[in-house]
Amino acid sequence: QARDPVVSQAHPLAGGRLPRGQLILADGTAARIYQLFHDGRFVLLESGGSAASAASAASAGLPGPVRAVSYQRCSGARLPPAVLVRPDGYVAWASAERDRLARERAARAAIGQWCVPA
């Protein structure tokens, strides 16, 4: 079976520690990136979000160990449009894919790989 290149392509951030920074969330509030991990869940960071579009196809119906966070911009760190971060602050998966639907499909596959028990 052929692997989807968008899903299987490794991003340079994958495997490394998520950089520190501050996000302006979809609702306009500010949050330090590492404040998002206090509940011990994976976090799917998605850029370009507004309050109206905060629930993308990738973040809809996520399993319990995953929390989606949509943000407008990030200062102090340069992040790709989608990043799945482990509870310990290390990047499980990231994507700079420009096609939103392909990126959402890849995010779902990454969530299935990292966050859903076999």
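The values are calculated or read from the model by the stated rules, or taken from the named source; none is laboratory data. Quick caveat, the model's predicted, so the values are computed rather than measured. Just the protein is used for accessible areas: all its heavy atoms, side chains included, with ligands, DNA and RNA removed. Shrake-Rupley method; radii C 1.70, N 1.55, O 1.52, S 1.80 Å.
A few notes on this one:
- Note on D99 and A10: the extension gain reaches 30.4 nm, defined as 0.36 nm multiplied by sequence separation minus the Cα-Cα distance.
- Remark: the D88-R32 segment gains 18.7 nm on full extension, using 0.36 nm per residue and subtracting the alpha carbon distance.
- Taking every protein chain into account, the 1.4 Å probe leaves D27 with about 100 Å² of accessible area, to the nearest ten.
- Of Y34, Y90, Y71, the residue with the largest accessible area leads and the full order is Y90, Y34, Y71 (1.4 Å probe).
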